[in-house]
1. Which of the residues spanning the stretch 101-130 are farther than 19 Å from SER67 by Cβ, over 19 Å from the mean Cα position of the chain (by Cα) and either at pLDDT 95 or above or surrounded by 14 or more Cβ atoms within 10 Å (Cβ to Cβ) (or both)?
2. Please specify each residue of the stretch 1-42 satisfying the condition of being surrounded by fewer than 13 Cβ atoms within 10 Å (Cβ to Cβ) and of a type in the set (S, T, N, Q).
3. When you check ALA26 against the structure, is it farther than 20 Å from ALA113 by Cα, more than 13 Å from the chain's Cα centre (by Cα), modelled with pLDDT of 75 or more and not aromatic (Phe, Trp, Tyr), yes or no?
4. Output the residue which, of all residues in the stretch 53-100 that are modelled with pLDDT of 80 or more and more than 19 Å from the chain's Cα centre (by Cα), is surrounded by the most Cβ atoms within 10 Å (Cβ to Cβ).
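The values are calculated or read from the model by the stated rules, or taken from the named source; none is laboratory data. This structure is a prediction, so every number in the text was calculated from the model and none was measured. No Cβ is skipped: glycine too gets one built from the backbone with ideal geometry, and neighbour counts run over all protein chains shown.
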Amino acid sequence: MIFLPFIVINLLKHDFRWALALFVLAGLSDGLDGLLARTLHQQTLLGQYLDPIADKLLMSTMFLVLSIEQRALVPWKYTIVVFSRDISILLVSGVLFMIAGLRDFRPSIFGKANTFAQVAAIFFVLLFLVEPIVLVHIATKVFLQATFIFTILSAVHYALLVQYRLHQHVAPRALKP
C-alpha cells in the first residue's frame with residue numbers, strides 16, 4: 001500500500017516509466033513478503049486479512065486511474081466489473097462474518113487466475129505507455145479480456161461457494177435440538 005500513492009502520482013504526471021517501475025516493485029515486495037511470511041512461519045491473522053485488501057486496493061485504484069487517464073487503453077467496462085466484484089466480495093464477506101461468523105474466504109483457482117490477469121493487464125498497459133509496440137498492445141487486450149472473463153467467473157464461483165459454505169454452517173445448527 002505504501003507504493004500506491006507514488007504510482008498514482010507518477011501516472012498523473014505521465015511519468016509512466018516510474019509508474020511501471022513502482023508497480024513492479026510493489027508486486028515484487030508483496031510476493032517477497034508473502035514468501036517470507038510462509039517460509040518463516042510468520043503468518044498472522046491480521047496479515048491474512050490485510051494482504052488481499054491491499055492487493056484489491058492497488059488493483060482497483062490502478063484500473064480507476066488508468067480508465068480516467070487512459071480510456072483508450074482501459075475502457076470503463078473493465079474497471080466497473082473489477083470494482084463491482086471486489087466491493088461485492090468485501091461487503092458479503094463482512095456481512096457473513098458479522099451474521100454467521102464465517103471467516104474462511106480463501107481465494108479459489110478462479111480468483112487467483114483473475115488476480116493474475118489483472119496484474120498482467122495493468123503491467124502491459126503501463127508497459128505500452130512506456131514502449132508503444134504492437135505486441136505489447138496485443139498482450140494488453142488479451143489480458144484485459146482475460147480479466148473481464150475471470151472477474152465474472154470468479155464472482156459467480158464465489159457466490160456459489162459462499163452459498164454452499166453458509167448452508168454447511170447453518171445446517172448443523174438446525175439439527176441441534
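1. Correct list: LEU102 only.
2. Answer for the stretch 1-42, where residues must be surrounded by fewer than 13 Cβ atoms within 10 Å (Cβ to Cβ) and of a type in the set (S, T, N, Q): SER29, THR39, GLN42.
3. Values: farther than 20 Å from ALA113 by Cα: no; more than 13 Å from the chain's Cα centre (by Cα): yes; modelled with pLDDT of 75 or more: yes; not aromatic (Phe, Trp, Tyr): yes.
Criteria not met by ALA26.
4. GLU69
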